[in-house]
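Q: This is the structure I want to talk about, given as structure tokens.
The values are calculated or read from the model by the stated rules, or taken from the named source; none is laboratory data. Quick caveat: nothing in here was measured; it's all calculated off a predicted structure. Here the Cβ positions follow ideal geometry from the backbone for every residue, glycine too, while neighbour counts run over all protein chains shown. Accessible surface areas use protein heavy atoms only, side chains included; no ligands, DNA or RNA. Shrake-Rupley method; radii C 1.70, N 1.55, O 1.52, S 1.80 Å.
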Amino acid sequence: MPTLRYRYRFYPNAEQRQMLARQFGCVRYVYNWALALKRDAFRERGEKIGYAETDKRLTALKREPDHAWLNDVSSVPLQQALRHLDKAYTAFFRGTARFPRFKAKKHRQSATYTRRGFSLRDSGVPGQPVVKLAKMRTPLKIRWSRPLPSAPSSLTVVQEPDGKYYISFVVEVDYQPLPKTKREGGIDLGVKDVVVTSDGWRSGNPKHLKRALDRLALEQKRLARKQKGSKNWHKQRRKVAKLHAKVRNQRQDFLHQLSTRLVRRYDTIYTESLCIRGMVKNHSLARAISDAGWSAFVGMLEYKATLYCKRFVQIDRWYPSSKTCSGCNYTMETLPLGVRAWVCPRCGAEHDRDVNAAQNVLAVGQTVAERSFGNACGDGVRPALASVSEGDCR
């Protein structure tokens, strides 16, 4: 069965807040300590240190009198911090992430517990157990917005910059496949409309960040006028963080609804594998692209297609979908971004830029899906950049 994260808000009492602050601080310290250790060992001696070695050195560190305070909190999140750092290094050397950075107190705080670090007790309500973390005397007060589908294998406690606390459970889910519609759709990602489909449907773009910019600018100006570190500065900092959290939640809600709608509508979804990290380097479009949330949206489409037994296909990012005629395959030499409609000089077909791109994505994606991944791809699509994800519906 697939695993998902179920996230809930919880309300710690004063004692729990103090204990969580200590736990977050120790996790942050151990992560930064291990990162500096691995970095310096490689720079000075060319030595690579893995998880086993950092875990061994952490045990020795906790025995030192100057670091005895590390024993006052649960050891499970400290070990998990080392595992997270090891995964971050692996992702960096694989080329899928940037080099790990040091954690700061002003950012999002988290601590991950495996089954050794928390206990579950039946509360009498199905799917809503009593959760107690290691080193805590009382259980957490969790607002159960939906029942847990199964016993969690691990959980992560999070404190957002706006001061709110959340708990995220990793659970196995048993989802039923969605009904087959026998429809396939290509989608083109954009700024004016987040999604334009090959059959002409447009999603629109609510532009949550753009609508909140004036208020954010005002609150950030007020923050800049406060004395850094004062009580008023911390209060204003939380106000700014709450505004950012509101924009983030609005965007995620829109993208979740949009991705679910597309997965329900099509049995197979085709899109381009865009290099979003490179595109946001264009300062003229960086804010608009980030506000649209393309990367998060593509991730939602992929995991939901797998979850609900649909198919998700990505084609080569270098395929010229916008400037290729979907009727006769004629490719324009140039097509500026400001040109939203054009006429094919070969066949005379009139094209809407976005709809034409979605139709080309659909045509090329169907060629990719028909052939086995890793052998050959169709019409200018390189195998290394074409991928097919399909849910296991057996």
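Q: Out of 100, 152, 336, any idea which swings most in a Gaussian network model of the chain, alpha carbons joined below 10 Å?
A: Between 100, 152, 336, it is 336 that shows the largest mean-square fluctuation.
Q: Further question: Given R₀ = 35 Å, FRET efficiency for residue 233-residue 256 by Cβ-Cβ distance, to 0.05? List each step's numbers first, then the result.
A: Numbers: r = 34 Å, r/R0 = 0.98.
In this case the efficiency is close to 0.55.
Q: In addition: How large is ³J(HN,Hα), in whole Hz, for each residue of segment 302-311 in order, when computed from phi with the Karplus curve 6.51 cos²θ - 1.76 cosθ + 1.60 and θ = phi - 60°, using x for Gly and Pro?
A: Karplus-based 3J(HN,Hα) across segment 302-311 equals 5, 6, 6, 4, 5, 5, 9, 6, 10, 10 Hz.
Q: Sticking with this structure for a sec: Sequence gap at least 6, Cα distance under 8 Å: using those rules, report the relative contact order of the chain to the nearest whole percent.
A: Normalised by residue count, the contact order of the chain is 15 percent.
Q: With a 1.4 Å probe and every protein chain left in place, work out the accessible area per residue of segment 196-338 in Å², rounded to a whole number.
A: Dividing the accessible area of segment 196-338 by its residue count gives 56 Å².
Q: Please identify which residues in segment 286-318 have an amide N closer than 20 Å to a label point set 7 Å out from the Cα of residue 213, following the Cα→Cβ vector.
A: Backbone N within reach: 286-295.
Q: Quote the Stokes-Einstein diffusion coefficient, in whole µm² s⁻¹, for segment 53-143, based on the Kirkwood radius over alpha carbon pairs, a temperature of 4 °C and a viscosity of 1.567 mPa s. Numbers along the way, then the final one.
A: On the way: Rh = 15.9 Å.
So the translational diffusion coefficient is about 82 µm²/s.
Q: Right, something else. Give the calculated FRET efficiency between residue 347 and residue 18 to the nearest 0.05, with a Förster radius of 56 Å applied to their Cβ-Cβ distance.
A: 0.20
Q: Additional query: Give the Kirkwood hydrodynamic radius (Å, one decimal) of segment 5-80, defined as one over the mean of 1/r across all pairs of different Cα atoms.
A: 14.1
Q: Once you have the Cα-Cα distance between residue 69 and residue 11, take 0.36 nm times their residue separation minus that, and quote the gain in nm to one decimal.
A: Between residue 69 and residue 11, full extension yields 18.3 nm more.
Q: Over the residues of segment 1-158, compute the C-alpha Rg and express it relative to 2.2 N^0.38 Å.
A: Output field value: 1.15.
Q: Karplus couplings for segment 279-296 from phi (6.51 cos²θ - 1.76 cosθ + 1.60, θ = phi - 60°), rounded to Hz, Gly and Pro as x?
A: Couplings: 5, 6, 6, 7, 5, 6, 10, 4, 5, 5, 5, 5, 5, 6, x, 4, 4, 5 Hz.
Q: Okay, next question. Working from the pairwise distances between different alpha carbons, so that the mean of 1/r is found and then inverted, what is segment 261-338's Kirkwood radius in Å?
A: Evaluated over segment 261-338, this radius sits at 14.5 Å.
Q: Taking 8 Å as the Cα distance limit and 6 or more residues as the minimum spacing, I'd like the relative contact order of segment 203-333 as a percentage. The partial results should precede the final answer.
A: Values: 98 pairs, mean separation 33.4, N = 131.
Once divided by the residue count of segment 203-333, the mean separation gives 26 percent.
Q: How far, in degrees from 0 to 90, does helix 208-224 lean away from the longest principal axis of the Cα atoms of the chain, to the nearest 10?
A: It is inclined by approximately 40 degrees.
Q: What number in nm² do you get for segment 163-309 if you take the convex hull of its Cα atoms and divide its surface by four?
A: So the Cα hull casts an average projection of 11.3 nm².
Q: What percent does the relative contact order of segment 194-245 come to when contacts are Cα pairs within less than 8 Å and at least six residues apart?
A: About 26 percent, as a whole number.
Q: May I pose another question? Suppose R0 equals 41 Å. What FRET efficiency, 1/(1 + (r/R0)^6) with r the Cβ-Cβ distance, do residue 87 and residue 132 give to the nearest 0.05?
A: Step by step, r from the Cβ atoms, then E = 0.90.
Q: Now a separate question. Suppose every Lys and Arg Cβ carries +1 and every Asp and Glu Cβ carries -1, with no other charges. What dipole size does the chain come out with about its Cα centre, to the nearest 20 debye?
A: 2360
Q: Just the number, please: carbon plus sulfur as a percent of the accessible area of the chain, 1.4 Å probe, no ligands or DNA/RNA counted. Display every interim value, and only then the final one.
A: On the way: 10970 of 22160 Å².
Carbon and sulfur atoms account for 50 percent of the accessible area of the chain.
Q: Evaluate the distance, in nm, between pseudo-label points positioned 7 Å from the Cα of residue 115 and of residue 333 along their respective Cα→Cβ axes.
A: Inter-label distance under the simple model: 6.6 nm.
Q: Can you list the HN-Hα couplings for segment 168-183, worked out from phi with the Karplus curve (6.51, -1.76, 1.60; θ = phi - 60°), rounded to whole Hz and with x for Gly and Pro?
A: 10, 9, 9, 10, 8, 10, 10, 8, 8, x, 6, x, 6, 9, 6, 10
Q: Which values of log₁₀ I(q)/I(0), to two decimal places, follow from the Debye formula for the chain at q = 0.09, 0.11, 0.14, 0.15 Å⁻¹ with a uniform point scatterer at every Cα?
A: For the chain, the Cα-only Debye profile gives -0.72, -1.03, -1.37, -1.43.
Q: With all distinct Cα pairs included, what does the Kirkwood hydrodynamic radius of segment 155-230 come out to in Å, to one decimal, could you say?
A: Answer for segment 155-230: a Kirkwood hydrodynamic radius of 18.0 Å.
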